[in-house]
Amino acid sequence: MNKPSTFAAPKGVPDYVPPASAEFVAVRDGLTKAARLAGYSHIELPVFEDTSLFARGVGESTDVVSKEMYTFADRGDRSVTLRPEGTAGVMRAVIEHGLDRGQLPVKLSYSGPFFRYERPQAGRYRQLQQVGVEAIGVDDPALDAEVIAVADAGFRGLGLDGFRLEITSLGDDTCRPQYRELLQEFLFGLPLDDETRRRAEINPLRVLDDKRPEVKALTADAPLMIDHLSESAKAHFDEVLGHLDALGVAYTVNPRMVRGLDYYTKTTFEFVHDGLGAQSGIGGGGRYDGLMAQLGGQPLSGIGFGLGIDRTILALTAEGKTAGEVARCEVFGVPLGDQAKAKLFVVISQLRAKGIRADISYGGRGVKGAMKAADRSGARIALVLGERDLADGTIGLKDLGTGEQQQVSLDTIVETVGALVGKR
Ligand code: HAM
């Protein structure tokens, strides 16, 4: 006979199980709350889309599209892809539902899983979780500052403080093409290996992000976009920085920052945490002023971010902090006998209906086992009901902190407990 098989989650795909799952929820909700406070409404999007949406939106030359997508043919032989990021899908939905024809900016937030076939390591998963926002349709530097400030507030609201914000401008279509040529000219004059030269042809900016010391040394004097911005792109960037100064959001300008997605224009930024090792980006984003037109919509601007929930949890751990608490129950029922159990089951359900977290011992455990379960549940109060009590119309109310127990009326037990835990 074959041995029964055992299963494990796919490689690089994390589970979030209790008690750690409470931290996951707290981080997701904390980051989302910051967006909610700034007027972003929830958008819930499909987890898979037409492959061509990402190819067109994120860019064929990016690693994300060329190497990391989970792409497959569905049973109707359509090529679909598990979403590697959120921005392209949001733009698709905004265009499809005509949200861009209403009041601008359209401000949306989302959270959920994204999928990238990357080499798994600490902080790098094949199913990753993000909270994201997108603000579409108004090209105002104040909106850039708002998006960044929302991310900053989200992280700080969770108690994080060991991160920094790096920011730069990638220019726009009035200055980037000229800069690209300038950079390529510079790079082609260097003794680069074939692969790096090829990269310089496809995406020269990437070469500036090369971590190898010999390439770093060669590109030390490379021309930088930030020194070749058009007047309007420079004015936009200066205004963003001015707003961040006014908001007290600290930043470092990093003109060599390279983002892994092709749609960025003008302001781009990354939140970096030094306690995380190689995978130090806890969030990032920027403007993508050409994306909507690229996807067949109006030529509207946009800016947003994606914050990594997994890495935010790791960053909290690195700072010796946690977020969220496991929701312990407040009341625990200890039934002694079948009839008592049937009655107590109803009482517990009535307590839940009042908003009191309540649970009961299952499986016909004896008084010792059931009391142990009550202690482990974290409840303050145990309700102990035996067959004799039931006949008398009373129930034992035990304070699990002090160990004191008193008999009270069974008829009014829901009100009595409600008063004790502050919910009438
Ligand atoms: P991204 O920089 O590719 O941007 O991802 C955002 C964040 O997701 C990263 O900073 C990181 O914290 C987390 N992340 C990315 N890949 C992984 C991974 N393999 N494992 C764990 N965490 C990961 C975007 O996705 C853009 N859509 C953000 C954006 C929105 N830009 C404008 N609007």
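The values are calculated or read from the model by the stated rules, or taken from the named source; none is laboratory data. It should be emphasised that the depicted structure is a prediction, and the values quoted were computed from it without experimental measurement. Don't worry about glycine lacking a Cβ; one is built from the backbone with ideal geometry, like all the others, and counts go over all protein chains shown.
Quick notes on this one:
- Matching residues in region 22-80 - criterion: being buried (at least 17 other Cβ atoms within 10 Å of the Cβ) and at positive phi: Gly59
- Scanning region 243-275 for residues that are surrounded by 21 or more Cβ atoms within 10 Å (Cβ to Cβ) and basic (Lys, Arg) returns a single hit, Lys266.
- Residues in region 272-327 that are of a type in the set (Ser, Thr, Tyr) and either more than 10 Å from the ligand (Cβ to nearest atom) or in contact with a Pro (Cβ under 6 Å, 6 or more places away or on another chain) (or both): Ser301, Thr317, Thr322.
- Residue check for Ala200: free of Cβ contacts under 8 Å to residues at least 24 places away in the same chain, small (Gly, Ala, Ser) and within 21 Å of Glu60 (Cβ to Cβ): yes
- For region 240-255, the condition holds for no residue, the condition being that it is farther than 29 Å from Ile95 by Cβ, without any contact (Cβ under 8 Å) to a residue 24 or more places away in the chain, acidic (Asp, Glu) and outside the structural domain of Glu166 (by TED's automatic domain parsing).
- Looking at Glu201, Glu166, just one residue is in the same structural domain as Gly59 (by TED's automatic domain parsing) and out of contact with any Gly (no Cβ under 8 Å at 6 or more places or on another chain), and that residue is Glu166.
- Residues that are aliphatic (A, V, I, L, M) and away from the ligand (no atom under 16 Å from the Cβ) do occur in region 253-262, at least one of them.
- Residue, surrounded by the fewest Cβ atoms within 10 Å (Cβ to Cβ), within region 85-101, restricted to residues that are in contact (Cβ under 8 Å) with a residue 24 or more places away in the chain and either within 12 Å of the ligand (Cβ to nearest atom) or among the acidic types (Asp, Glu) (or both): Asp100
- Candidates Asp77, Asp139: the one that is more than 9 Å from the ligand (Cβ to nearest atom) and over 30 Å from Asp245 (Cβ atoms) is Asp77.
- From the options Val65, Val13, Val25, residue that is within 22 Å of the chain's Cα centre (by Cα), more than 20 Å from Ile136 (Cβ to Cβ) and modelled with pLDDT under 95: Val65
- Residue in region 191-202 that is closer than 16 Å to Glu270 by Cα, surrounded by 13 or more Cβ atoms within 10 Å (Cβ to Cβ) and of a type in the set (Ser, Thr, Tyr) present: no
- Residue within region 383-398 that is at pLDDT below 95 and not polar (S, T, N, Q) present: no
- The condition (being hydrophobic (A, V, I, L, M, F, W, C) and in contact with a Ser or Thr (Cβ under 8 Å, 6 or more places away or on another chain)) is satisfied by just one residue among Ile309, Ile360: Ile309.
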